[in-house]
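Engineer: This is the structure I want to talk about, given as structure tokens.
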Amino acid sequence: EQGTPLLELRGLRVFYGAIEALKGVDLTVGRGEAVALLGANGAGKSTTLKTVSGMLAPRHGEVRLHGERIDGIASHELVKFGLGHVPEGRRVFARMTVLENLNMGAYRFRRPDPDDLDRVFGLFPRLAERRKQIAGTLSGGEQQMLAIGRALMGKPELLLLDEPSMGLAPLIVEQIFDILREVNEQGTTLLLVEQNASEALQLANRGYVLETGEVVMSGPADTLLADPRIRAAYLGEH
Ligand code: ATP
């Protein structure tokens with residue numbers, strides 16, 4: 001439907017027991033956009049992604065994909081709705097090969113699409129070279145590439161990424177973000193959680209800033225990058 005955002009969160013409230021981790025979050029992602037979700041440790045970024053991907057259920061509010069309610073639907077079901085999740089800490093299948101990991105990403109199809117494999121190997125030539133290598137022996141950067149590649153094998157329309165830069169050297173982070181830019185240009189919509197606000201806002205069209213479970217700022221990425229409050233809090237400027 002025209003005018004309907006691809007993803008829409010409305011009044012999302014999520015609890016861990018008595019702790020209210022999200023206190024009424026509103027957020028939209030349009031088709032083809034790259035949107036960054038920023039905030040300090042514990043602000044609720046991962047909780048937001050996990051609620052979208054069906055790992056957590058909201059107590060109040062709703063999650064809509066293509067205008068349809070998806071909150072309460074389990075993660076493995078949501079893959080069929082065109083949702084891909086690259087979780088925090090990568091979580092590749094350490095004892096399987098690179099190729100086996102990629103094929104696992106296509107589990108919702110009868111068989112992996114060779115065009116998708118070509119796409120992933122085109123984006124990540126390193127994975128093509130190492131297709132027979134056991135994933136647990138890859139470097140951190142290569143494992144992050146594999147986690148992204150695996151998610152792409154499920155043909156996601158919306159790709160959720162939780163801290164893709166975490167624990168990686170600056171040069172590798174640069175490479176990963178270049179590839180994410182390409183993935184986005186190929187038509188995949190991105191919702192990205194990042195501590196690395198600078199890289200995230202250079203990739204994103206728009207951004208949201210979370211603070212203790214609430215959106216405190218949102219707008220075009222350029223505006224956020226230039227905002228003195230953002231520069232002080234997330235870009236290390238004083
Ligand atoms: P980080 O970058 O540290 O992951 P975040 O912005 O992703 O931060 P969340 O992980 O979403 O933050 O956490 C939001 C709040 O919920 C925090 O106060 C956190 O302590 C709390 N929280 C997260 N997971 C749990 C849990 N399993 N049980 C209880 N409280 C939790």
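The values are calculated or read from the model by the stated rules, or taken from the named source; none is laboratory data. As the structure is a prediction and not an experimental result, all values here were calculated from the model. Positions of Cβ are backbone-derived with ideal geometry, glycine not excepted, and every protein chain shown enters the neighbour counts.
Engineer: For the condition of a type in the set (Ser, Thr, Tyr), closer than 23 Å to GLU77 by Cα, more than 12 Å from the ligand (Cβ to nearest atom) and in contact with a strand residue (DSSP E or B) (Cβ under 6 Å, 6 or more places away or on another chain), what is the one hit in THR4, THR28?
Structural biologist: So the residue among THR4, THR28 that is of a type in the set (Ser, Thr, Tyr), closer than 23 Å to GLU77 by Cα, more than 12 Å from the ligand (Cβ to nearest atom) and in contact with a strand residue (DSSP E or B) (Cβ under 6 Å, 6 or more places away or on another chain) is THR28.
Engineer: Moving on. Identify the single condition in (1) in contact (Cβ under 8 Å) with a residue 12 or more places away in the chain; (2) surrounded by 14 or more Cβ atoms within 10 Å (Cβ to Cβ); (3) in a helix (DSSP H, G or I) that ALA128 does not satisfy, given that it satisfies every other one.
Structural biologist: (1)
Engineer: How many residues does region 19-51 contain that are outside any loop (DSSP other than H, G, I, E, B) and under 28 Å from ARG231 (Cβ atoms)?
Structural biologist: The total comes to 20.
Engineer: Starting from residues that are hydroxyl-bearing (Ser, Thr, Tyr) and farther than 19 Å from GLU20 by Cβ, keep the ones in region 189-215 and report whichever is nearest to the ligand (Cβ to nearest atom).
Structural biologist: SER198
Engineer: Same structure again: Being modelled with pLDDT of 95 or more, surrounded by fewer than 18 Cβ atoms within 10 Å (Cβ to Cβ), more than 15 Å from the ligand (Cβ to nearest atom) and among the small types (Gly, Ala, Ser): is that true of GLY61 here?
Structural biologist: When the stated conditions are applied, GLY61 passes them.
Engineer: Follow-up. Any idea which residue in region 179-238 is modelled with the lowest pLDDT, counting only those that are in a loop (DSSP other than H, G, I, E, B) and at positive phi?
Structural biologist: Filtering region 179-238 for residues that are in a loop (DSSP other than H, G, I, E, B) and at positive phi, the one modelled with the lowest pLDDT comes out as GLY236.
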